[in-house]
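Scroll down for the structure; my scribbles are underneath it.
The values are calculated or read from the model by the stated rules, or taken from the named source; none is laboratory data. As the structure is a computational prediction, the values presented were derived from the model and not from experiment. So basically every Cβ, Gly included, is an ideal-geometry build from the backbone, and we count neighbours across all protein chains shown.
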Amino acid sequence: MAVTSERTCEEEDNCEHPPGVWAVVPARGGSIGIPRKNLISCAGKPLIQHVIETAKQVLCSGRIVVITDSSEIAEFARLHLVQVISEDTPSGPHETLDQKIYRNVGRLHALGAVNSDVVLTLQPTSPLTSAPSIRSAIRQIEAGKRSVITVANDPHLRWGMDSEDGVPIPRFEERKNRQLLPLDYRETGGIIGVRLGDLASSGTRILDPIGLVVVEEREAIDIDSFGQLYEAQHWLTRGKVLFRVEANQSLGMGHLYRCLAVAYELSRHEVLFLASDASPLVEQIVRQTPFKMVSFPSEDSMAKTIKSFCPDLIFVDVLDTDVVTISEIRASCPSAKIVTFENEGGGAHLCDLGVYDLTKPPSNAPPRVIAGPESAILGPPFELFRSLASTNERPQHLLLTFGGTDPAGLTGKTLKALNEIRFTGQVTVVLGLGSSAPDVENPSFDIEIHRNVTNMALLMSRHRLAISSMGRTVFELAAAGVPTLAFSQNTKEEGHVHVGKVTGSVLGGSGYNMSPSAMSKVIESFMLDDSGNQKRMSETAAYRAKRSNSRVVRDILVNVGLGQFLLS
C-alpha cells in the first residue's frame with residue numbers, strides 16, 4: 001500500500017483554511033450499477049472532481065486525501081494536487097466505510113494527521129455537497145460534538161414487515177399529508193466527521209454526542225443509479241435566466257409571448273421576468289404563469305434587480321435598445337450572456353447574440369446572429385397541436401387576428417371590407433388584451449368574437465383562411481397550417497421578411513394607410529384564389545418541418561457558450 005503526497009501539510013500550515021481538519025474521499029474503482037462511477041462525467045466533470053473542488057473551497061489541498069484501489073483515480077487525484085492513499089487490493093464486498101477509514105488511520109498519521117485533528121469523510125457520490133455544509137460540520141465538532149453527519153428531512157408514510165408472518169406493519173401512528181408528518185431525518189452519506197483519535201480508539205465514526213447538518217433535498221443526492229446521476233446533473237447545471245421584456249399598446253404583446261415560450265423551454269432553471277412599471281400587461285400575464293415577476297420604476301432600480309439576481313443568461317426583448325441601456329445591463333452582471341431579439345438599436349452590438357426572425361440582421365448586429373423564419377419562437381401549444389395543422393376538415397371559414405393591441409385598428413377595417421364585398425361566411429375575431437371591440441353595422445356574415453383565448457393553436461387550426469397583421473401571428477398561423485393574408489400595422493412591420501411562401505402567406509399592403517374599400521379588393525382576390533391557398537397550405541407544412549422551439553433555444557445556448565443548460 002502506498003501513500004503519496006504532492007505537497008506537505010507543513011507547507012500549508014500558514015494557509016487561510018482551518019487548521020487541523022482533513023477531508024478523506026473514499027473512491028473505489030469498481031461499480032456495477034454505474035460502471036466507473038467515480039469517474040463518470042456529471043455536468044461536464046468526473047464525479048469525484050466535484051467533491052474535490054468543493055473541499056478545496058474550505059481546506060488546503062494538502063489535507064484532502066483520496067483513498068482508492070484504482071490507479072486511474074489515483075492519477076486523476078494527483079492531477080488535482082491532493083494526496084493519495086493507494087490500496088493494493090479492492091475493498092471486500094462487505095467492508096463498510098467505517099472499516100475502510102479505520103484501517104487507514106495509520107496512513108493518515110503518516111501524512112501528518114494527529115489524533116486531535118478532525119477527519120471528514122466526503123463521498124464522491126454526493127457531488128452537491130456544499131462548502132457551507134463542510135464548514136458547519138467543522139464548527140459542530142469544534143463546539144464539542146464527537147461526530148457529525150449530514151441528514152435530510154424525508155418524512156413519508158413508511159411500512160415495515162412482520163418478520164414472523166410477513167404481515168405489513170405501518171410505521172406511523174396517523175395518516176397525514178407529508179408536510180404534516182414529524183421530522184424524519186435520513187443520513188445522506190455526504191459528510192461524516194469525527195476526530196482522528198476518537199476513530200482510532202473506537203473503530204467507528206459515529207459517537208455521541210452527534211451533530212446534524214441538515215441539508216436540502218438537492219444536496220442530499222447520493223448517486224447509486226443513472227436516474228440519480230441525471231438528477232445531480234440537473235442541479236449542477238441549473239442556472240439563472242432573466243427576461244427583460246416590455247409589452248404595451250405601441251409595442252404589442254408578441255415580445256412577451258416570445259419570452260414566455262423561451263422560458264418554458266428553460267423552465268428547469270431559475271427564471272425571473274423584469275419589466276418597467278409602464279408595462280402592467282407584462283405583470284398581468286406573467287402572474288398567470290409559474291414564473292417570478294419583478295417590476296421597476298427607473299433604470300437605476302432595474303440595474304439593482306439584475307445585480308441582485310445575478311443571472312447567467314439575460315434575454316432582452318424590448319425591440320431597439322440604446323448603448324446606455326445595454327451598458328447598464330452588462331455592468332449589472334458582467335459575466336452574464338445577453339441575447340436580444342429583433343434589435344436594430346445602437347446597443348445591439350453590445351449583446352452576445354441577436355435573433356432576427358422577422359427582419360434581416362442590421363449592420364450593427366451582435367457578433368453572433370441567428371436569423372430567418374425558422375428561428376421564430378412560438379407558444380408551446382403550437383408545438384403540442386402540430387398534427388392538427390395537416391387536417392383538411394376545417395369547419396370555420398375565416399379568422400381575423402391582429403395581435404395583442406391592434407394599434408392601427410385593422411380589425412374594424414377588415415370587418416368593414418368584408419361587408420363591402422358582401423362576404424357571407426363565418427368570421428371569427430380574436431381580440432388581444434389591449435384591443436378595442438369592433439363596431440360593425442349590419443354585417444353580411446356571422447361573427448364570433450373571442451378575447452383571452454387560452455389555446456390559440458387549437459382555435460387557429462379550425463379555420464381555412466386567416467387575415468392578420470405582419471407580426472409574429474403569421475408564424476403562428478403557418479404553424480397551424482392556415483394560409484394568411486397579412487396587412488402591416490405600421491412602417492416597422494413593412495420591414496419584416498417572413499411574409500411570403502416560406503410561411504404560406506400573402507402581403508396585403510400597408511393596412512395602416514389603406515381604406516376599407518382598398519382592403520376589400522385585396523381580400524376578395526385572396527379568398528377567391530382556391531388553388532393558390534391550397535399551395536400555401538402545403539408551404540406551411542414545409543415550414544413546420546424546419547422549425548421548433550427546442551431547436552431554436554438549443555442554437556441560442558450553444559452560440560453563447562451555455563450548452564450545459566441543455567442537460568443532454
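Does THR340 satisfy the condition of being within 21 Å of VAL271 (Cβ to Cβ), in contact (Cβ under 8 Å) with a residue 12 or more places away in the chain and touching a Gly at 6+ places or on another chain (Cβ under 9 Å)? Walk me through how you get there before you give the answer.
On the way: within 21 Å of VAL271 (Cβ to Cβ): yes; in contact (Cβ under 8 Å) with a residue 12 or more places away in the chain: yes; touching a Gly at 6+ places or on another chain (Cβ under 9 Å): yes.
So THR340 fits the description; yes.
What about PHE385, is it under 32 Å from the mean Cα position of the chain (by Cα), crowded, with 17+ Cβ neighbours inside 10 Å and either under 30 Å from LYS521 (Cα atoms) or of a type in the set (S, T, N, Q) (or both)?
Considered against the rule, which asks whether it is under 32 Å from the mean Cα position of the chain (by Cα), crowded, with 17+ Cβ neighbours inside 10 Å and either under 30 Å from LYS521 (Cα atoms) or of a type in the set (S, T, N, Q) (or both), PHE385 comes out as no.
So which residues in the range 81-98 are within 22 Å of GLY112 (Cβ to Cβ) and surrounded by 17 or more Cβ atoms within 10 Å (Cβ to Cβ)?
Matches in the range 81-98: VAL82, GLN83, VAL84, ILE85, SER86, GLU87.
Let me confirm something: among CYS310, CYS333, which residue is surrounded by 20 or more Cβ atoms within 10 Å (Cβ to Cβ) and not aromatic (Phe, Trp, Tyr)?
CYS333
Among residues belonging to the range 300-316 that are in a helix (DSSP H, G or I) and either without any contact (Cβ under 8 Å) to a residue 12 or more places away in the chain or not charged (D, E, K, R) (or both), point out the one that is nearest to LEU236 (Cα to Cα).
If we take residues in the range 300-316 being in a helix (DSSP H, G or I) and either without any contact (Cβ under 8 Å) to a residue 12 or more places away in the chain or not charged (D, E, K, R) (or both), then PHE309 is nearest to LEU236 (Cα to Cα).
I want to confirm something. Restricting to the range 177-205 and keeping residues that are of a type in the set (A, V, I, L, M, F, W, C) and surrounded by 15 or more Cβ atoms within 10 Å (Cβ to Cβ), which single residue is nearest to LYS37 (Cα to Cα)?
Filtering first and then ranking leaves ILE191.
Report whether or not LEU260 is part of a helix (DSSP H, G or I), of a type in the set (A, V, I, L, M, F, W, C), over 27 Å from LYS45 (Cα atoms) and modelled with pLDDT under 95.
For LEU260, the condition - part of a helix (DSSP H, G or I), of a type in the set (A, V, I, L, M, F, W, C), over 27 Å from LYS45 (Cα atoms) and modelled with pLDDT under 95 - is not met.
Among MET460, MET470, which is closer than 23 Å to VAL282 by Cα and at pLDDT 90 or above?
Selected residue: MET470, the only one of MET460, MET470 that is closer than 23 Å to VAL282 by Cα and at pLDDT 90 or above.
Out of everything in the range 510-528 that is surrounded by 16 or more Cβ atoms within 10 Å (Cβ to Cβ) and outside any helix (DSSP H, G or I), what residue ends up being farthest from the chain's Cα centre (by Cα)?
The residue in question is MET514.
Out of ARG78, ARG36, report the one residue that is among the charged types (D, E, K, R), in the same structural domain as LEU199 (by TED's automatic domain parsing) and on the phi > 0 side of the Ramachandran plot.
ARG36
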